Amino acid sequence: MKFQNLRRAAAMAALLVMSVAAAQDSDQALSKRCMTVMPTLAERETIDRNLQSFLASRAARGASLNSAVGSISVPVYFHVINIGNTLAQGNVPDSQLADQIAVLNAAYAGTPFVYTLAATDRTNNADWYTMSPGSAEEKAAKKALHKGGAESLNLYTANPGGGLLGWATFPSSYATQPKMDGVVVLYTSLPGGSAVPYDEGDTATHEIGHWQGLYHTFQGSCTAQNDGVSDTPAERSAAYGCPVDRDSCPGKAGLDPITNFMDYVDDYCMTEFTPDQTTRMDQMYQQYRG
Ligand SMILES: [Ca+2]
Ligand SMILES: [Ca+2]
Ligand SMILES: [Zn+2]
């Protein structure tokens, strides 16, 4: 009898898992949270080797390896790409850009980074408005609009379509493609936008995490290396919604880091960068953007 109950419970659990998986699939269809192109494992190893030798040379010179909280000011160049003057045409008002900067500074409050609006430009261009990652339109827009050097964040708002929320470039690619450096987000993902449940501005928080050198928390799945950050528990795949107590790598310590900005959960659910993520962002900024 007990055994039968157990089997029934197992069957129900399996059904539950299947329906959760189906819900996740439909969420994925509705929204591709992020289209940032991830480095291959070999590229990651090269990036990590280069970081280790950078840190070793800094240490040999007695240079500080940890920047103080709030000690690095990051100039932000906003590029609002639109097809007309209204918000529905992508012309995000200055108030929403200011709100986005405030959301970033709250999210990065425990890090060295303070984001400061340097300039805003507005461009009416129907081709650039719907640019997709890796497209000729993206290259043309960035070539025309990019400002500043490696230290500056170029933040583009556009309407890429297909449920796509945003994408970013990594610090390690700045040297070879400086004009492409930056972050593109769906304009309705800014705070107060219409991209519910991605309407609190954390698409930019997440994409800028990549721009600062972080991978997804589910990068590398349940492998020992996983996302290359030691205080984020390994995670098998992206989490959607806000699945509290999810443990997709049961053989690895800790519940999934679903409240992390580098997962795919709803904006209200993502609330933190970990200390080791902060350290990595600091080191990457010093190496590539300092
Ligand atoms: Ca980790
Ligand atoms: Ca686990
Ligand atoms: Zn991402």
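At a glance:
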{"item": "Region 217-235, residues that are on the phi < 0 side of the Ramachandran plot and surrounded by fewer than 17 Cβ atoms within 10 Å (Cβ to Cβ)", "result": "CYS222, THR223, ALA224, GLN225, SER230, ASP231"}
{"item": "When residues of region 213-268 are limited to those that are β-branched (Val, Ile, Thr) and over 25 Å from SER172 (Cα atoms), the one farthest from ligand 2 (Cβ to nearest atom)", "result": "VAL265"}
{"item": "Qualifying residue in region 220-235 (condition: more than 16 Å from ligand 1 (Cβ to nearest atom), assigned to a loop (DSSP other than H, G, I, E, B) and farther than 15 Å from TYR115 by Cβ)", "result": "no"}
{"item": "Filter result (within 16 Å of ligand 3 (Cβ to nearest atom) and either within 29 Å of VAL196 (Cα to Cα) or at pLDDT below 95 (or both)) within region 224-255", "result": "ASP227, THR232, GLU235, SER237, ALA238, ALA239, TYR240"}
{"item": "Residues satisfying the stated conditions in region 33-48, i.e. among the hydrophobic types (A, V, I, L, M, F, W, C) and outside any helix (DSSP H, G or I)", "result": "CYS34, MET35, VAL37, MET38"}
{"item": "Test for THR120: is it surrounded by fewer than 19 Cβ atoms within 10 Å (Cβ to Cβ), of a type in the set (Ser, Thr, Tyr), in contact with a Phe, Trp or Tyr (Cβ under 6 Å, 6 or more places away or on another chain) and outside any loop (DSSP other than H, G, I, E, B)", "result": "yes"}
{"item": "Residue match in region 258-270 (condition: more than 30 Å from ARG58 (Cα to Cα), touching a residue at least 24 places away in the same chain (Cβ under 8 Å) and away from ligand 3 (no atom under 16 Å from the Cβ))", "result": "yes"}
{"item": "Lone qualifier among LEU155, LEU145, LEU117, LEU165 - being in contact with a Leu (Cβ under 6 Å, 6 or more places away or on another chain), hydrophobic (A, V, I, L, M, F, W, C) and on the phi < 0 side of the Ramachandran plot", "result": "LEU165"}
{"item": "Positions within region 70-98 being in contact (Cβ under 8 Å) with a residue 12 or more places away in the chain and β-branched (Val, Ile, Thr), in sequence order", "result": "ILE72, VAL74, VAL76, VAL80, ILE81, ILE83, VAL92"}
{"item": "Any chance THR279 is more than 13 Å from ligand 3 (Cβ to nearest atom), in a loop (DSSP other than H, G, I, E, B) and not assigned by TED's automatic domain parsing to the domain that holds ALA158", "result": "no"}
{"item": "Residue among THR188, THR223 that alone is among the hydroxyl-bearing types (Ser, Thr, Tyr), within 30 Å of ALA136 (Cβ to Cβ) and without any contact (Cβ under 8 Å) to a residue 40 or more places away in the chain", "result": "THR188"}
{"item": "Out of HIS216, HIS210, sole residue that is part of a helix (DSSP H, G or I), within 16 Å of ligand 1 (Cβ to nearest atom) and not charged (D, E, K, R)", "result": "HIS210"}
{"item": "Matching option when the condition is surrounded by fewer than 20 Cβ atoms within 10 Å (Cβ to Cβ) and on the phi > 0 side of the Ramachandran plot, among GLY290, GLY192", "result": "GLY192"}
{"item": "Filter pass, LYS179 being modelled with pLDDT of 95 or more, farther than 14 Å from PHE78 by Cα and in contact with a Lys or Arg (Cβ under 7 Å, 6 or more places away or on another chain)", "result": "yes"}
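The values are calculated or read from the model by the stated rules, or taken from the named source; none is laboratory data. It should be emphasised that the depicted structure is a prediction, and the values quoted were computed from it without experimental measurement. As a convention, Cβ positions derive from the backbone with ideal geometry for all residues, glycine included, and neighbour counts pool all protein chains shown.
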